[in-house]
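Student: Encoded as structure tokens, here's the structure I'll be asking about.
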Amino acid sequence: MNFIYKCVVVIPLLVPIAAAAQEYSNKQLRKQRPDYLQVGVGLNKGNVRDFATSPITYKGVLANYSVARLRMDTARETKTTIRFNHGIYRYKKTEGVDVKSKASVYILDISYQKLYQLQKLSGSKWNVKLGGMADVNMDVRVNDDLMNAGVGYEVFNTFFLSGKATRIFRYEQGTQKKFLFIKYKRRPHISLLSYQLNLPVMNNTIRNGFAYIGNESLDTSPLFKGYKAKAFSGIRFSSELAYTRQMQNGNMWRLSYFWDAYAVGEKFSRLEMANHILELSLLFHLDKNMQR
């Protein structure tokens, strides 16, 4: 009876202590997870076709800038990214009548993702993660040649299912190398080659369902006249192929190729856009000098 009494009294007292210890352990793991500020620049070779104003395809190269906050280790990855692109898309027809047109393009993209390691598929050389990403994308296009149909803008909100596979290369000892007749020593480092694919679960849009041309002039038309919000509208895919190299000071640099493509709308108001972004970024280790 004494043993049973002790179990009844002591075990309930131990449960909060165990829960607190587990919470403390998770908190410690979060604090120990490397934290980076990622700053990137690059170029975006893209194209857009908006049947609501014209069936032709505009193409061009945009300047790309991004800033991100990344917390990453082998078990978990959390990333918030703000990306801005701007530049000129052009159209030129040389056959028959010579036709030229250009449009100023501005794209703002904000995303948040969380990935978790799949332990059964991961090891010392490979790390596989699965999770999701929420993304909000807004594009603005200004084309003076289209007169009162010269301004177009859309907002896309997409929830993705995301999968990422990373190949880990560890060079623990310095080795002698030779390039042509120049000898050099490769220092110990870690390199990562990764590919992430984002598949759409839900794509939502805010845009008009007809041509931008109206009876009113631009200075009298409300900004979002005729615009409608639609859930599960259109489709969107994106991916990232990246090579990441760790430096001696704890920072990293990354070379990435992003692909993002989406299509929304019906036959006479369909919008198609694709972005091919090549980006070089630096990842600054925010807590490398902090004492825990």
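The values are calculated or read from the model by the stated rules, or taken from the named source; none is laboratory data. Everything numeric in this text was worked out from a predicted model, so none of it was measured. Cβ coordinates were reconstructed from backbone atoms using ideal geometry, including for glycine residues, and neighbour counts include every protein chain displayed.
Student: Could you list, in sequence order, the residues of the range 253-286 that are in contact with a strand residue (DSSP E or B) (Cβ under 9 Å, 6 or more places away or on another chain) and of a type in the set (Phe, Trp, Tyr)?
Tutor: Listed by number, the residues that qualify are TRP253, TYR257, PHE258, TRP259, TYR262, PHE284.
Student: Go through the range 113-142 and give me each residue that's hydrophobic (A, V, I, L, M, F, W, C) and over 27 Å from GLU154 (Cα atoms).
Tutor: Selection gives LEU115, LEU118, LEU121, TRP126, VAL128, LEU130.
Student: Ok, one more. Quick check: anything in the range 176-195 closer than 23 Å to ASP135 by Cα, out of contact with any Cys (no Cβ under 9 Å at 6 or more places or on another chain) and modelled with pLDDT of 95 or more?
Tutor: There is at least one residue in the range 176-195 that is closer than 23 Å to ASP135 by Cα, out of contact with any Cys (no Cβ under 9 Å at 6 or more places or on another chain) and modelled with pLDDT of 95 or more.
Student: Also, I was wondering about something else. When the range 74-88 is examined, which residues are found to be of a type in the set (S, T, N, Q), within 11 Å of the chain's Cα centre (by Cα) and within 17 Å of TYR116 (Cβ to Cβ)?
Tutor: THR80
Student: Among the candidates ALA63, ALA103, single out the residue that is modelled with pLDDT under 90, touching a strand residue (DSSP E or B) at 6+ places or on another chain (Cβ under 7 Å), under 23 Å from PHE258 (Cβ atoms) and not β-branched (Val, Ile, Thr).
Tutor: Result: ALA103 is the single residue among ALA63, ALA103 that is modelled with pLDDT under 90, touching a strand residue (DSSP E or B) at 6+ places or on another chain (Cβ under 7 Å), under 23 Å from PHE258 (Cβ atoms) and not β-branched (Val, Ile, Thr).
Student: Continuing with the same structure: Within the range 106-149, track down each residue that is acidic (Asp, Glu) and at pLDDT below 95.
Tutor: ASP139, ASP144, ASP145
Student: Have a look at LYS31, LYS79 and point out the one that is in contact with a Lys or Arg (Cβ under 9 Å, 6 or more places away or on another chain) and modelled with pLDDT of 75 or more.
Tutor: Going through LYS31, LYS79 in turn, the sole match is LYS79.
Student: Now a separate question. How many residues are touching an Asp or Glu at 6+ places or on another chain (Cβ under 9 Å) and basic (Lys, Arg) when one looks only at the range 223-282?
Tutor: 4
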